1. Given only helices, namely DSSP H runs of n ≥ 4 each adding -39500 (n - 2.57), what is the per-residue ellipticity at 222 nm of the chain, to the nearest 500 deg cm²/dmol?
2. Which residues make up the longest stretch of the chain that has no chymotrypsin sites (Phe, Trp or Tyr not before Pro) in a DSSP loop with at most 11 other Cβ atoms within 10 Å?
3. Suppose every K and R has +1 on its Cβ and every D and E has -1 on its Cβ; what is the size of the dipole of region 103-194 about the Cα centre, in Debye to the nearest 20?
4. Taking the chain as a Gaussian network, Cα atoms linked when under 10 Å apart, which of Lys154, Lys67, Lys36 shows the biggest mean-square fluctuation?
5. In Å and whole numbers, how far do the C-alpha atoms of the chain stretch along each principal axis, longest first?
6. Can you tell which of Glu107, Glu35, Glu70 shows the greatest fluctuation in a Gaussian network model of the chain with Cα springs below 10 Å?
7. Report, in debye and to the nearest 20, how large the dipole of the chain comes out about its Cα centre when Lys and Arg carry +1 and Asp and Glu carry -1 on their Cβ.
8. Quote the charge dipole size of region 1-65 about the Cα centre in Debye, to the nearest 20; the model charges only the Cβ of Lys and Arg (+1) and of Asp and Glu (-1).
Amino acid sequence: MKKIKTIFERDWDGDRTVIDKLAVDFDFATALPTEKLDGMNVRLTVRNHMLVRLEKRRNPDKIQKAKGIEDPWYVDADEYGPEDKYLYLAAKNTDLSSIEDGEWSGEALGPSIQGNPLNLESHRVVLFSKGQAPAIYDAPTDYKALKVFFKTRKSEYGKDCLMEGIVWHGANGDMVKIKAKDFEKDARLSYEKSHGKT
């Protein structure tokens, strides 16, 4: 799994917000923008329309990053472990009747996952690798327009909440992203506070 790049450069020496300078060489004109859903990244292995394996995203720790490991990977979720209980609930609540055999990445969402920023009433997995995330056809791509866009744009998927961000899916399989919090002063601190990590 490759880490999805943020479309703008970041002010690492200042307040860590993004600045008005593209960081990617990406064809936005032919890409499909979709809503970035704020949950837990998972991968479902499906056989005969049944869940046979559930994995969760693992990010490299500080030691691994120091050794040059930058991209995340998947590890098995523990069906009987309390830390993965709601990931399994989300996966089991997901309709796989039209999903063919394979490994499909998605976002586990719901009341007990990541603070439920989408205000959902039940747990489920949205398989973004199957195109299930809402398309955002009017998504701007320039810095100033995006900054304004995120201040008022409601989530297409959540209930009575603002959109977390946008992911553009390129024709060649590449993806890039931007989050509303990337424009906020001290974006990392803001994200951590909103997820109960400070």
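1. Only helices count here, giving -4000 deg cm²/dmol.
2. Counting only loop sites that pass the neighbour cut-off, the longest clear stretch is 13-79.
3. In total the dipole reaches around 260 debye.
4. Looking only at Lys154, Lys67, Lys36, the largest GNM fluctuation is found for Lys67.
5. Result, largest extent first: 46, 39, 34 Å.
6. Glu70
7. 360 debye
8. It works out to roughly 660 debye.
All of the numbers you see were taken from the coordinates with simple rules; none came from a lab. If you're wondering where the values come from, they're calculated on a predicted model, not measured in any experiment. Glycine gets a Cβ as well: all are built from the backbone with ideal geometry, and neighbour counts include every protein chain shown.
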